[in-house]
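Presented below is the structure to which this report refers.
The values are calculated or read from the model by the stated rules, or taken from the named source; none is laboratory data. Quick caveat: nothing in here was measured; it's all calculated off a predicted structure. Neighbour counts are summed over all protein chains in view; Cβ atoms, including those assigned to glycine, are modelled from backbone coordinates with ideal geometry.
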């Protein structure tokens, strides 16, 4: 019994020991085996990654797929310089997955006999075995420039206008100008030219005149636009009577007339005749022609050298004539020169006893004469009269003379708005003269003999560059007539590259004017102050850099020479702000596209969107340029190589 | 007694074998964990190597986009760059020109690449800090730019408490072919576009058969040049190779200005001026000659170009007396 127990115990111990041994052997051996296998696969995976990352496609030019791709021209010389991973990535991410898969298969199956799989972004490029083992070694290759569903490389394009049709506005000012005292008749002829190839949409002539004895007896004789009488078509917006110390009632009138049918491309003429029995008749600030038209243009670059002529209107004033030309010199102008050429006709040459008295007076940006013939100034004219009866003053008219005067007025110029006033037989509120004094001008038919101011200057940078289109617009003040008057307006981002801007002042009666600009971030900045009473130009130049995107305000104040706001010299609501801004007629390279055509179409679409409605889309001539082979910086992404033993 | 002895022997043998196997297992386990650490380090080394290799690929992509952005800026603004190599560096690093972002560089700068890469490496269980310590762009030859940069890559593994830092100087060549030559639009008010394409006929010209020369003229193909502005000079609107870019090997470019093309866009031409672009646009006062079997308005000068030859010699032409 005891033996059998011992025997049984031995057997149990033996079985236990054998079981323990077997268990230990069973647990230990596979671990070692799998470790060795893993290490071997890992080294293999590393080698494969090295091959993929370092060897060029040209090293495998004999493999069937690469060979056929070379033969059919798909692969070019530069493609053969790519690494294998780049080549596979290019095809895979460009959507040519079969080619990428075949290249992987043909190259890597010759490299390893083990199972492998090339994966990227959780997609399998190629797997040599269907079933995975439990132990898989993984190695990575990192590459930039690839992302699922994104093109590897493509085309970018830019487009630009070569010719276009734009809608723009041109404003032709009538300078404040008029007759002498008791000027029975004032004749003003405006000669001007519009571009030849335009289509006019609208032409509105604003009329601002001082005439007649009263509203009912107004002497508005003629308003002829290109031979068509328009005086009865004027719609009067504002009439203001005034009674001077001389006891006579006269009228300041502001109105407008539609002259769209009369104004034409090319040369135009507007002829105005007004009068007053005793006082002097004249044009007030704010008379201007506004023409809106479309214009075909080829792209061009702005000038850096400017020679501009500002022609006087032809003014014939019975017993005297005067005119006030305004022009501007930009703040960044260099080498500025200006000359004044005057062709003055039928001037009464007057004398007081033996003294030759003044009949011609010229002012340049000053209340003091720049030039005068004879011995007196306007302020002391009454001392050189025989007598004063009521408000008439007599001198001896000894002759009639016509003179041509030339002056260099460079030293009298200033940046911003400049004003040149010429007076013939006009002596303040006193009258001499007899003949039809004439400031002669006909820029269309006799330019060189016309009266003009010629300004020349240079600027460092062109006003606009190639690819930029200038558009001009006008914003009417609106509101009520008042003094002072403030106009607040918005400039959009699209309009914010302003290169020229003016304030057109519309007034009935006027004295001395002050034009200022202000914004939330800009304290009030005065851009013009009349140098003396009655020097109120039709337009005042506003430095473009004072205008910026967002809300801007203009304030116009009419004040008396010795202080105080002029109580009845209203600024009319038809005053306006004219501004010329630039828009780009070209777009640069945009997104990368799969084809040149798509890239170009995108560039054209962007161009059309950019130029907006002011440029006529159907008349755009577009040129474009595309660049190919622009790669995206997708990723970086990991290419994963998995290696395992065959099952 | 014998049985007990036998059992004891068996027991001790079994214990010995068990101890042996356990020891082996612990050795293997130790070896495995050592191997795991080694593998992590190996992974870090491979990762670091990958980063350096990929930097070349990324720089090639970014560099090309920077060139296109620079050209875009010049053409749309009509103004050349002040210092093209510095501008290209600014574009590559920050994607800006004078601190203004350029659309084509959006998401495609070195900084973008570094950010993405660092995040990606983070996902693999490592931490990385990648730094471009200096980046220089200079001409390599007439048709290639050279981007030289020093890159520092620090990768650390918190699990194994190991880290790896490597600094390497690398170089990438950037081919400028198929890019626009900014000198043409700058000198033609943007009306003429010319793409840099290397002449397929270079040094294969004959005075008897001028068809290759004619093809070069019609397509305004590009040739290497000794003095003609290099690509970087052209980005600065310069006509000649500047001292700052000068190298021992020729880096300049020249093409034949197609005078008929200039006429066709409404611009005047100077017939008696050589067609060599940098001399034509700079209005250089060089004697130019009419060439036999070439268009009437084609002229070549006899200025020195590469290989110690003059233009008349290198293009192998006969002058019409």
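Yes/no per residue for (1) within 14 Å of chain B (Cβ to nearest Cβ); (2) touching a residue at least 12 places away in the same chain (Cβ under 8 Å); (3) over 25 Å from the mean Cα position of the chain (by Cα); (4) on the phi < 0 side of the Ramachandran plot:
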| site | (1), (2), (3), (4) |
| --- | --- |
| A:536 | no, yes, yes, yes |
| A:549 | no, yes, no, yes |
| A:561 | no, yes, yes, yes |
| A:583 | yes, yes, no, yes |
| A:586 | yes, yes, no, yes |
| A:595 | no, yes, yes, yes |
| A:609 | no, no, no, yes |
| A:614 | no, yes, no, yes |
| A:639 | yes, yes, yes, yes |
Is segment B:134-142 home to any residue that is farther than 19 Å from residue B:84 by Cβ and in contact (Cβ under 8 Å) with a residue 40 or more places away in the chain?
-> no
In segment A:531-549, what count of residues is obtained for those that are buried (at least 22 other Cβ atoms within 10 Å of the Cβ) and within 17 Å of residue A:560 (Cβ to Cβ)?
-> 2
Picking from B:55, B:69, which residue would you name as being in contact (Cβ under 8 Å) with a residue 60 or more places away in the chain, within 26 Å of residue B:133 (Cβ to Cβ) and outside any loop (DSSP other than H, G, I, E, B)?
-> B:55
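Going by what's in this entry, would residue A:21 be described as modelled with pLDDT under 85, within 9 Å of chain B (Cβ to nearest Cβ) and in contact with a helix residue (DSSP H, G or I) (Cβ under 8 Å, 6 or more places away or on another chain)? Even if it seems obvious, please write down each step before you answer.
Numbers: modelled with pLDDT under 85: yes; within 9 Å of chain B (Cβ to nearest Cβ): yes; in contact with a helix residue (DSSP H, G or I) (Cβ under 8 Å, 6 or more places away or on another chain): yes.
It is true that residue A:21 is modelled with pLDDT under 85, within 9 Å of chain B (Cβ to nearest Cβ) and in contact with a helix residue (DSSP H, G or I) (Cβ under 8 Å, 6 or more places away or on another chain).
Could you grab me the full set of residues in segment B:109-125 that are part of a helix (DSSP H, G or I), more than 8 Å from chain A (Cβ to nearest Cβ) and in contact (Cβ under 8 Å) with a residue 24 or more places away in the chain?
B:110, B:121
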If you scan segment A:67-85, which residues turn out to be surrounded by 13 or more Cβ atoms within 10 Å (Cβ to Cβ) and either part of a loop (DSSP other than H, G, I, E, B) or in contact (Cβ under 8 Å) with a residue 60 or more places away in the chain (or both)?
-> A:74, A:75, A:82, A:85
Among the residues of segment B:202-226, how many are surrounded by fewer than 17 Cβ atoms within 10 Å (Cβ to Cβ) and not in a helix (DSSP H, G or I)?
-> 7
Given the conditions (1) part of a helix (DSSP H, G or I); (2) touching a strand residue (DSSP E or B) at 6+ places or on another chain (Cβ under 7 Å); (3) modelled with pLDDT of 90 or more, and given that residue A:406 satisfies all but one, which numbered condition is not satisfied?
-> (1)
Can you name the number of the only condition in (1) touching a strand residue (DSSP E or B) at 6+ places or on another chain (Cβ under 9 Å); (2) at pLDDT 95 or above; (3) surrounded by fewer than 18 Cβ atoms within 10 Å (Cβ to Cβ) that residue B:272 fails?
-> (2)
Taking residue B:75 as the residue in question, decide whether it is within 23 Å of residue B:232 (Cα to Cα), facing chain A (nearest Cβ under 10 Å), in contact (Cβ under 8 Å) with a residue 60 or more places away in the chain and in a helix (DSSP H, G or I).
-> yes
(1) more than 17 Å from residue A:252 (Cβ to Cβ); (2) more than 26 Å from the chain's Cα centre (by Cα); (3) surrounded by fewer than 17 Cβ atoms within 10 Å (Cβ to Cβ): which one isn't true of residue A:488, the others all being true?
-> (2)
Per-region count, segment B:78-108, residues facing chain A (nearest Cβ under 10 Å), assigned to a helix (DSSP H, G or I) and surrounded by fewer than 17 Cβ atoms within 10 Å (Cβ to Cβ) | 1
State whether one or more residues within segment A:295-309 are buried (at least 23 other Cβ atoms within 10 Å of the Cβ), under 24 Å from residue A:328 (Cα atoms) and more than 20 Å from the chain's Cα centre (by Cα).
-> no
Among the strands (runs of 3 or more DSSP E) contained in segment B:237-321, which hold 2 or more residues that are over 30 Å from the mean Cα position of the chain (by Cα)?
-> B:288-290, B:299-301
Of the residues that make up segment B:184-193, is at least one touching a strand residue (DSSP E or B) at 6+ places or on another chain (Cβ under 8 Å) and in contact (Cβ under 8 Å) with a residue 60 or more places away in the chain?
-> yes
What strands (runs of 3 or more DSSP E) completely inside segment A:98-166 contain at least 1 residues that are within 51 Å of the chain's Cα centre (by Cα) and surrounded by 22 or more Cβ atoms within 10 Å (Cβ to Cβ)?
-> A:115-120, A:136-143
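Condition check ((1) under 24 Å from residue B:173 (Cβ atoms); (2) modelled with pLDDT under 85; (3) touching a strand residue (DSSP E or B) at 6+ places or on another chain (Cβ under 7 Å); (4) not assigned by TED's automatic domain parsing to the domain that holds residue B:145) across all residues:
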| site | (1), (2), (3), (4) |
| --- | --- |
| B:14 | no, yes, no, yes |
| B:17 | no, yes, no, yes |
| B:27 | no, yes, no, yes |
| B:45 | no, no, yes, no |
| B:51 | yes, no, yes, no |
| B:87 | yes, no, yes, no |
| B:93 | yes, no, yes, no |
| B:108 | yes, no, no, no |
Residues within segment B:179-196 that are at pLDDT 90 or above and either facing another protein chain (nearest Cβ under 9 Å) or assigned to a strand (DSSP E or B) (or both), tallied = 3
Identify the residue in segment B:46-66 that is more than 8 Å from every other protein chain (Cβ to nearest Cβ) and touching a helix residue (DSSP H, G or I) at 6+ places or on another chain (Cβ under 7 Å) and, among all such residues, is surrounded by the most Cβ atoms within 10 Å (Cβ to Cβ).
-> B:66
Please work out which residue is nearest to the chain's Cα centre (by Cα), limiting yourself to segment B:23-45 and to residues that are more than 30 Å from residue B:154 (Cβ to Cβ) and at the interface with another protein chain (Cβ under 7 Å from one of its Cβ atoms).
-> B:28
Flag for residue A:48 being under 23 Å from residue A:594 (Cβ atoms) and touching a strand residue (DSSP E or B) at 6+ places or on another chain (Cβ under 8 Å) = no
Has segment A:536-557 got any residue that is within 22 Å of residue A:486 (Cβ to Cβ), out of contact with any strand residue (DSSP E or B) (no Cβ under 9 Å at 6 or more places or on another chain) and not in a strand (DSSP E or B)?
-> no
